[in-house]
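Reviewing the structure listed below.
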Amino acid sequence: MKEISFLDNLVGVFGHPAADNPGVVIQEAAFNDLGIERWRFLTIDVDPDKLGDAIAGLKAMKMRGINCTLPHKLAVLEYLDEISPAAKLIGAVNMIVNTDGKLFGDNTDGKGFMESLSSAGISAEGKNIVILGAGGAGRAVAVETALAGAKHITIVNIPQDEKLAASLIELLKTKTGAAAEYIPWTDAFKVPLDCDILINATPIGLYPNVNDKPNIDYDTIRPDLFVQDVIPNPAFTPFLAEAEKRGARWNTGMGMLINQAAINIEMWTGLKPNKKVMTKAFQSVIS
Ligand code: NDP
């Protein structure tokens with residue numbers, strides 16, 4: 001008799017809320033394209049106080065892994081057996097691999113961002129980088145660009161959460177080779193003359209607030225600046241439109257999203273997915 005298995009290989013995402021997470025569309029399109037049967041991506045709403053139970057469930061059901069999105073990226077650290085050096089520095093995990101009950105955590109947001117930057121022909125090495133925002137995405141981007149040899153990183157963040165920015169600056173200065181400074185974001189930010197790469201790592205411009213843009217003096221954007229957004233939906237934000245108007249090169253946050261999903265699939269299945277298929281699937285569901 002032909003040997004068959006109806007066992008499902010389970011991965012997915014824990015979030016709260018989780019309903020708007022497009023991971024299932026992107027990942028299952030890749031699974032279908034790879035022809036791997038019985039891989040399922042589950043979108044799971046986990047209340048913050050139930051994360052431990054959810055992790056126990058993941059182990060009990062022998063799930064191959066899970067993505068963690070807000071608000072679980074920090075809280076999940078205590079349940080892991082091993083954490084990648086970059087995720088340890090960033091202090092956040094968005095991706096877990098379960099190998100026979102042992103949980104390994106990594107941060108593929110930062111890795112996805114770096115792949116996106118390099119596919120635009122940009123290297124962080126020796127560059128002066130300005131990052132708007134000091135939250136999860138800002139930290140991942142700051143740590144990865146610093147580890148890739150950035151010369152100087154400026155974190156621009158609203159002063160209400162000065163501690164967050166200060167801890168990131170301290171980390172960059174002590175744990176990476178990059179110089180770092182914090183600029184409180186109190187009025188229209190003027191991009192410094194020596195800035196090479198300007199990155200929006202705030203949620204400003206994310207659907208449904210599609211007309212919003214970071215508070216910047218846009219006339220300080222020069223044609224030789226590279227401007228990068230982390231917002232995946234819409235891909236072309238007003239922030240990028242302003243950069244384009246001033247002749248600067250730019251890159252959307254969609255590549256970062258697709259890259260991190262592709263890295264996740266590779267870490268779970270060992271197979272390289274087709275990013276074009278994944279991008280098309282994502283584009284079919286965004287507004
Ligand atoms: P966080 O909430 O952790 O951090 C957001 C940061 O932006 C904080 O520093 C926050 O400051 C700042 N901020 C928020 N609103 C404003 C505002 N109006 N003016 C100035 N600063 C502001 O979010 P994340 O870092 O996790 O996510 C940020 C964005 O990155 C999201 O839109 C998300 O979609 C995107 N992202 C994209 C990914 C991709 O693959 N393309 C991956 C991960 C995230 P404060 O803390 O002081 O409020």
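Which percent, to the nearest 5, of DSSP beta bridges fully inside the chain are antiparallel?
If I count the DSSP bridges inside the chain, around 20 percent turn out antiparallel.
State the three equivalent ellipsoid semi-axes of the chain, derived from the C-alpha gyration tensor as the square roots of 5 times its eigenvalues, in descending order and whole Å.
34, 21, 17
Taking only Cα atoms and a 10 Å spring cutoff, compute GNM fluctuations for the chain and point out the largest among Gln228, Gln160, Gln27.
Gln160
Report ³J(HN,Hα) in whole Hz for each residue of the stretch 37-42, in order, from the Karplus equation J = 6.51 cos²θ - 1.76 cosθ + 1.60 where θ = phi - 60°; Gly and Pro get x.
Going residue by residue, I get 7, 6, 9, 10, 10, 9 Hz, with x marking Gly and Pro.
How big is D for the stretch 196-248, in µm² s⁻¹ as a whole number, if Stokes-Einstein is applied with the Kirkwood radius of its Cα pairs at 20 °C and 1.002 mPa s?
Stokes-Einstein gives a translational diffusion coefficient of 195 µm²/s.
List the trypsin sites (Lys or Arg not before Pro) within the stretch 167-196 that fall in a DSSP loop (any state other than H, G, I, E or B) and whose Cβ has at most 14 other Cβ atoms within 10 Å.
Passing both the DSSP loop test and the Cβ count: Lys190.
Within 10 Å of each candidate Cβ there may be at most 13 other Cβ atoms; applying that plus a DSSP loop requirement, which GluC sites (Glu not before Pro) in the stretch 84-154 survive? It would help to have the intermediate numbers written out before the result.
Working: sites: Glu115, Glu125, Glu144; in loops: Glu125.
Within the stretch 84-154, the qualifying GluC sites (Glu not before Pro) (loop, at most 13 other Cβ atoms within 10 Å) are Glu125.
Among Ile83, Val141, Pro71, which residue has its Cα furthest toward the positive end of the charge dipole of the stretch 64-180, with +1 on Lys/Arg Cβ and -1 on Asp/Glu Cβ?
In the stretch 64-180, that residue is Val141.
Ranking Asp106, Asp49 by Cβ neighbours within 10 Å, fewest first, what do you get?
In increasing order of surrounding Cβ atoms, one gets Asp49, Asp106.
From the phi angles alone, apply the Karplus equation (6.51, -1.76, 1.60; θ = phi - 60°) to the stretch 9-26 and give each ³J(HN,Hα) in whole Hz, x where the residue is Gly or Pro.
These are the phi-based 3J(HN,Hα) values: 9, 9, 9, x, 9, 9, x, 7, x, 10, 4, 8, 7, x, x, 4, 5, 5 Hz.
Run through all the Cα pairs of the stretch 110-252 and give the fraction in each 5 Å bin from 0, expressed as whole percent.
Spelled out bin by bin, the stretch 110-252 gives 2, 11, 22, 25, 23, 14, 4, 0 percent.
What are the radius of gyration and Dmax of the stretch 109-190, computed over its Cα atoms and given in Å?
Using the Cα atoms of the stretch 109-190, the pair Rg, Dmax is 12.1, 35 Å.
Are any of the pairs Lys245/Lys280; Lys163/Lys190; Lys88/Lys272; Lys173/Lys213; Lys59/Lys102; Lys62/Lys276 more than 18 Å apart by Cα-Cα distance, and if so, which? Show your work: numbers first, answer last.
On the way: Lys245/Lys280 27 Å; Lys163/Lys190 22 Å; Lys88/Lys272 25 Å; Lys173/Lys213 29 Å; Lys59/Lys102 9 Å; Lys62/Lys276 30 Å.
Too far apart for the 18 Å limit: Lys245/Lys280; Lys163/Lys190; Lys88/Lys272; Lys173/Lys213; Lys62/Lys276.
Just how far, in whole angstrom, is the stretch 220-287 from the stretch 120-134 if you go by their alpha carbon centroids?
When both Cα centres are located, 15 Å separates them.
Taking the Cα centre of the stretch 110-252 as origin and charging only Cβ (+1 Lys, Arg; -1 Asp, Glu), how large is the dipole, in debye to the nearest 20? Provide the component values of the computation, followed by the final result.
Details: 13 positive and 17 negative charges, 48 e Å.
Value, rounded to 20: 220 debye.
Treating only the Cβ atoms of Lys and Arg (+1) and Asp and Glu (-1) as charged, compute the dipole magnitude of the chain about its Cα centre; round to the nearest 20 debye.
On the way: 27 positive and 34 negative charges, 112 e Å.
Computed charge dipole of the chain: roughly 540 debye.
Relative to the compact globular guide of 2.2 N^0.38 Å, what is the alpha carbon radius of gyration of the stretch 52-131, as a ratio?
1.28
Only the coordinates and a few stated rules stand behind these numbers; no lab work does. Model, not experiment: these values are computed from the prediction. Cβ atoms come from the backbone with ideal geometry, glycine included; neighbour counts cover every protein chain shown.
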